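Down below is the structure, laid out as structure tokens.
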Amino acid sequence: MATMGHSSVSDSPGVPSRLRTVRPDGTPVYRYRQRPGLPPVSVTRFESDAAHSNLPPDHRHAHDFLVLVYVEEDMGSFTVDGAERPLRAGEVHAVSPGQVIGVAAELTRGRAWSVAFTPDAVPALTSVSPLAWTHHPLLALFAFSGGHGRIAEPDQANWSAWLADLAGELADPGRIGAREAVAALLTRLLVAAARLAPSAPVTPDPLVERVFAEIEATFREPVSAADVARTLGYTPGHLTTMLRRRTGRPLLEWITERRMTEVRRMLRETDLSLDAVAARTGLRDATYLVRRFRDRYGITPQRWRRTQRGWS
């Protein structure tokens, strides 16, 4: 659903997304399609279930980006990883990458906002390892197993205003200061969302922590998923299956995600050649880097670097 009304279902206006893969159980996974020169943030406001009238029941899908949903008026319910979540006015829902979303048959008319984004849109997260996202204070609501919280009634008008302002900045990204305004507004939303999460920290999964620590220690080398699994004492298939169940992503995707985060950081912050970037991120060579980067982001690393420098 969003989630809710974005183009993970089609190429209709909304989130620019594209089918990335299909899981063994048939669930499609959509990636954020980076638009050159624009921040990786999309805002959609919808006021009915019309966008879903032609979808099959429980239209299951997942994303590789983060989504916040703010409900202005009751809208029935949807499911996240099989658990039903009522969409009640004043609530904020966080949907993490890899979580499976289902559009419930009882989705009703109402009003809500959906914000889809990648960490590149948030200055505080641009250089943070994806393996550490769940521990970052700004993403506290995403780390919370319930994934939602309720806004106090006096503050609900603020959320509507912030989202309207964010949509306005994204509608005219060429204005002076638009990118900075988008980053500031998105950060403000994440701070407010994080304050809705329980104060008690989520207990980390020991296996996931071990896998992530090994990836962090070795991703700069040309290691494979089989190498990581072997070091931890598992077969690649078994470890991949367990990691997908616990995080929504298989082992190889996490290794690739960590490498691509570092590639983006180096493109943004250094003048190193693509061969040097590839050598320092565990990739074979510049040709392979370009192919993987284009497949992941829909743009060449050279062009992506130019757009980043242009924004700066």
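The values are calculated or read from the model by the stated rules, or taken from the named source; none is laboratory data. Note that the coordinates shown come from a computational prediction; the quantities given were computed from them, not determined experimentally. Here the Cβ positions follow ideal geometry from the backbone for every residue, glycine too, while neighbour counts run over all protein chains shown.
Among the residues making up the range 9-31, those that are buried (at least 18 other Cβ atoms within 10 Å of the Cβ) and either modelled with pLDDT of 80 or more or of a type in the set (Val, Ile, Thr) (or both) are Val9, Val15, Val29, Tyr30, Arg31.
When Leu267, Leu272 are screened for being outside the structural domain of Thr126 (by TED's automatic domain parsing), crowded, with 17+ Cβ neighbours inside 10 Å, of a type outside the set (S, T, N, Q) and farther than 25 Å from Val100 by Cβ, only Leu267 passes.
Return yes when Leu239 is in a helix (DSSP H, G or I) and assigned by TED's automatic domain parsing to the domain that holds Thr118 and no when it is not. No, not satisfied.
Within the range 285-298, not a single residue is in a loop (DSSP other than H, G, I, E, B), more than 23 Å from Val29 (Cα to Cα) and of a type in the set (A, V, I, L, M, F, W, C). When you scan the range 202-224, do you find a residue that is under 30 Å from Pro39 (Cβ atoms), part of a helix (DSSP H, G or I) and among the acidic types (Asp, Glu), even just one? Among the residues of the range 202-224, at least one is under 30 Å from Pro39 (Cβ atoms), part of a helix (DSSP H, G or I) and among the acidic types (Asp, Glu), which makes the answer yes. When Val228 is tested against (1) touching a residue at least 60 places away in the same chain (Cβ under 8 Å); (2) part of a helix (DSSP H, G or I); (3) not small (Gly, Ala, Ser), only condition (1) is not met.
Within the range 277-312, the set of residues being hydrophobic (A, V, I, L, M, F, W, C) and either exposed (fewer than 13 other Cβ atoms within 10 Å of the Cβ) or touching a helix residue (DSSP H, G or I) at 6+ places or on another chain (Cβ under 8 Å) (or both) comprises Val277, Ala278, Leu283, Ala286, Leu289, Val290, Phe293, Ile299, Trp304, Trp311.
Condition check ((1) under 22 Å from Ser129 (Cα atoms); (2) not assigned by TED's automatic domain parsing to the domain that holds Leu141) across all residues:
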site: Asp155; (1), (2): no, no
site: Trp162; (1), (2): no, no
site: Arg175; (1), (2): no, no
site: Ala181; (1), (2): no, no
site: Leu185; (1), (2): no, no
site: Leu190; (1), (2): yes, no
site: Arg210; (1), (2): yes, yes
site: Glu214; (1), (2): yes, yes
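For the range 179-187, state whether one or more residues are within 18 Å of the chain's Cα centre (by Cα), on the phi > 0 side of the Ramachandran plot and modelled with pLDDT under 95. No, the range 179-187 contains no residue that is within 18 Å of the chain's Cα centre (by Cα), on the phi > 0 side of the Ramachandran plot and modelled with pLDDT under 95.
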